[in-house]
Amino acid sequence: MPAEAALSSDAPILLREDKEGIARLTLNRPRQYNALSAGLMSALQEALDDIAEDSQVRAVVIEGAGRGFCAGHDLKELRGRSGDRDFYQDIFKQCSRLMVSLTTLPQPVIAKVHGIATAAGCQLVATCDLAVADAAAHFGTPGVNIGLFCSTPMVALSRAVPRKQAMEMLLTGDMVGAEEALRLGLINRAVPAESLEDATLELARKVISKSPLTLKIGKEAFYRQIEYGQVEAYAYAAQVMTTNMLARDAEEGIDAFIEKRAPKWEGR
């Protein structure tokens with residue numbers, strides 16, 4: 001699906017295309033740089049909830065229409081609500097639930113990034129399991145420049161890049177290019193613009209060639225153990241490995257390896 005999408009006012013704010021086990025979700029507010037309005041977050045949440053129950057979907061790609069990936073929250077929507085604490089609490093709770101849903105989704109999620117990914121848009125990239133970016137893309141948490149510290153984006157950013165670099169991005173509001181984002185570990189690939197589509201799909205197809213059950217087990221285990229201390233993490237991971245070894249796909253994978261053939265995954 002190309003970055004360009006319909007610009008008409010009646011166009012859906014989120015597009016979904018399923019093909020070959022990959023669900024592609026396109027943020028479709030190109031005039032607003034795909035800012036995360038309450039409506040767009042609701043549409044994305046609904047899509048993720050549906051995908052979580054869809055065994056035909058093996059991986060998800062999130063991308064943006066138009067000139068950029070995502071410019072963060074919709075500041076026009078947030079503006080002019082002085083004293084409306086409940087509104088702001090609801091918006092940021094909605095965003096937090098959305099980000100948690102990405103990490104608890106059984107399927108791996110890949111961000112396909114071009115243009116800019118700022119504030120909550122950078123948070124979205126940092127939250128996705130994997131990210132491939134146009135080499136000309138830029139990332140940042142510039143809220144401090146307008147008197148609004150990127151506190152919720154900080155949660156994802158501080159878990160994706162080293163502490164000192166996260167603090168520099170948060171405290172200065174400076175943008176970083178794709179090569180620097182790659183060096184920091186915010187993204188997995190930085191590729192020429194003309195290769196972004198192919199590089200993203202290549203990564204997605206490599207992921208979905210694995211056992212869907214194994215991916216589900218592994219993704220859940222990754223996010224749980226990373227918050228544990230070392231001893232607790234090993235105890236938990238040993239239990240996960242034990243459960244995984246009892247799965248039919250593990251038996252099939254080992255047999256296929258020994259017999260030098262491609263495995264036939266059953267997802268159980």
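Here are some notes:
- If you check THR127, THR172, THR118, THR152 for being at pLDDT 95 or above, among the hydroxyl-bearing types (Ser, Thr, Tyr) and under 13 Å from the mean Cα position of the chain (by Cα), only one passes: THR127.
- One residue alone among GLU220, GLU251 is within 27 Å of GLU53 (Cβ to Cβ), modelled with pLDDT under 95 and of a type in the set (D, E, K, R), and that residue is GLU251.
- Among the residues making up the stretch 180-192, those that are over 23 Å from LEU36 (Cα atoms) and either surrounded by 14 or more Cβ atoms within 10 Å (Cβ to Cβ) or outside the structural domain of PHE92 (by TED's automatic domain parsing) (or both) are GLU180, LEU182, ARG183, LEU184, ASN188, ARG189, ALA190, VAL191.
- Selection status of LEU98, surrounded by 13 or more Cβ atoms within 10 Å (Cβ to Cβ), without any contact (Cβ under 8 Å) to a residue 24 or more places away in the chain and farther than 30 Å from GLU194 by Cβ: no
- The residues listed here are PHE139, PHE149; of these, the one that is in contact (Cβ under 8 Å) with a residue 40 or more places away in the chain and not polar (S, T, N, Q) is PHE139.
- Those residues of the stretch 25-34 which are free of Cβ contacts under 8 Å to residues at least 60 places away in the same chain and under 17 Å from the mean Cα position of the chain (by Cα), in sequence order: LEU25, THR26, LEU27, ASN28
- Answer from VAL57, VAL61 - the residue that is assigned to a strand (DSSP E or B), crowded, with 17+ Cβ neighbours inside 10 Å and in the same structural domain as ASP134 (by TED's automatic domain parsing): VAL61
- One residue from THR214, THR243, THR172 being under 25 Å from LEU75 (Cβ atoms), touching a helix residue (DSSP H, G or I) at 6+ places or on another chain (Cβ under 9 Å) and among the β-branched types (Val, Ile, Thr): THR172
- Considering (1) closer than 29 Å to MET241 by Cβ; (2) crowded, with 19+ Cβ neighbours inside 10 Å; (3) touching a Pro at 6+ places or on another chain (Cβ under 6 Å); (4) not hydrophobic (A, V, I, L, M, F, W, C), the lone condition that SER211 does not fulfil carries the number (3).
- Against the criterion of being in contact (Cβ under 8 Å) with a residue 60 or more places away in the chain, crowded, with 20+ Cβ neighbours inside 10 Å and farther than 24 Å from THR152 by Cβ, ILE22 qualifies.
- Selection within the stretch 132-174 - surrounded by 22 or more Cβ atoms within 10 Å (Cβ to Cβ), small (Gly, Ala, Ser) and either assigned by TED's automatic domain parsing to the domain that holds GLN225 or in a loop (DSSP other than H, G, I, E, B) (or both): ALA137
The values are calculated or read from the model by the stated rules, or taken from the named source; none is laboratory data. These numbers were taken from a predicted model, which means no experiment stands behind them. As a convention, Cβ positions derive from the backbone with ideal geometry for all residues, glycine included, and neighbour counts pool all protein chains shown.
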